[in-house]
1. List Leu102, Leu77 from most exposed to least, where exposure is judged by having the fewest other Cβ atoms within 10 Å.
2. For region 140-145, take each phi angle, set θ = phi - 60°, evaluate the Karplus expression 6.51 cos²θ - 1.76 cosθ + 1.60, and give the result in whole Hz per residue in order, putting x for glycine and proline.
3. Can you tell me the order of 119-132, 85-98 when each peptide is scored by its average per-residue count of other Cβ atoms within 10 angstrom, highest first?
4. Check each of the GluC sites (Glu not before Pro) in region 138-228 and keep only those in coil by DSSP with at most 16 other C-beta atoms within 10 angstrom; list them in order.
5. Based on the alpha-carbon gyration tensor of the chain and its eigenvalue square roots a ≥ b ≥ c, which shape applies: rounded if a/c is under 1.5, prolate if not and a/b is larger than b/c, or oblate?
6. Find how much the distance from Thr156 to Arg173 grows on full extension, using 0.36 nm per residue of separation minus their present alpha carbon separation; answer in nm with one decimal.
7. Expressed as an acute angle from 0 to 90° and rounded to the nearest 10, what is the orientation of the C-alpha long axis of helix 2-25 relative to the principal long axis of the chain?
8. If we sort 170-178, 135-143 on the protection proxy, mean other Cβ atoms within 10 Å, highest first, what's the order?
Amino acid sequence: MKKSWWITGGIALVAVLALLVGPWVYGTWIAEDDDPAAAVSTSAAQAAVGNLAGQWRVDAGAAPNATAAGYTVHEVLNGASVTVVGSTDQVDGGATVDGQTLTAADVTVQVKGITTDNPRRDGQFVGNVMSAGAYPTATFTLDAPVDLSTVPRDGTTATVPATGTLELRGVKRPVTVDIEVLHSGESLIASGSVPVTWTDFGVQPPSFAFVTVDGSGTVDFLVHLVRD
């Protein structure tokens, strides 16, 4: 009888230690920040070919400037404080440049394609958080012309401010974003991160026993455009 009591007590002690120590072990030895969202790279940039004027469309591109879009957010998961980056290459859109002025642009992202390194997180994101079945896309549409005259032709970048409309989960709101632009060879490449407060778009950040997500983050994009 005494031996049985010790065995039962030992199992209970191990269970309690697992509950207490498990999150610390996860946060200290397992969890780590994701790589930052994709941004324009000049590592393989070339001198510009032709001018900027004309019609452009989003293309898959190739690393390090392959098209991608998604989100960045901070969360506490199982006691670990981490930065999470979700992304997808399921991105479409285009742009119009008149002379050296960007007069129109739009980007459409397939929400169901956005993934991280955690399938459980992705399931929550696509389902309860973003309701991707009802709202399958997220979009950005340019609202005002953007001056591109400062974009170099030597394989370096320029940063230009832009204003537009961001739509998430069926809610549209005006946003501003600094866009890094590279004219490399016959490609036009642009990236940026739009600061957002999730509830402004009807998005409720998850908060459960094992995870708490910040109320703000960024919507990120890198688009590789080629002539249409």
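Throughout, read-outs are computed from the coordinates displayed, never taken from laboratory work. Bear in mind that the values here come from a model prediction, so they are computed numbers and not experimental data. Quick reminder, even Gly has a Cβ in these numbers, built from the backbone with ideal geometry, and neighbours come from all protein chains shown.
1. Ranking Leu102, Leu77 by Cβ neighbours within 10 Å, fewest first, gives Leu77, Leu102.
2. Each residue of region 140-145 in turn: 10, 10, 5, 10, 9, x Hz.
3. 85-98, 119-132
4. Passing both the DSSP loop test and the Cβ count: Glu186.
5. prolate
6. Result for the pair: 2.9 nm of gain on full extension.
7. In the chain, helix 2-25 runs at an angle near 20 degrees to the longest axis.
8. The most tightly packed comes first, giving 135-143, 170-178.
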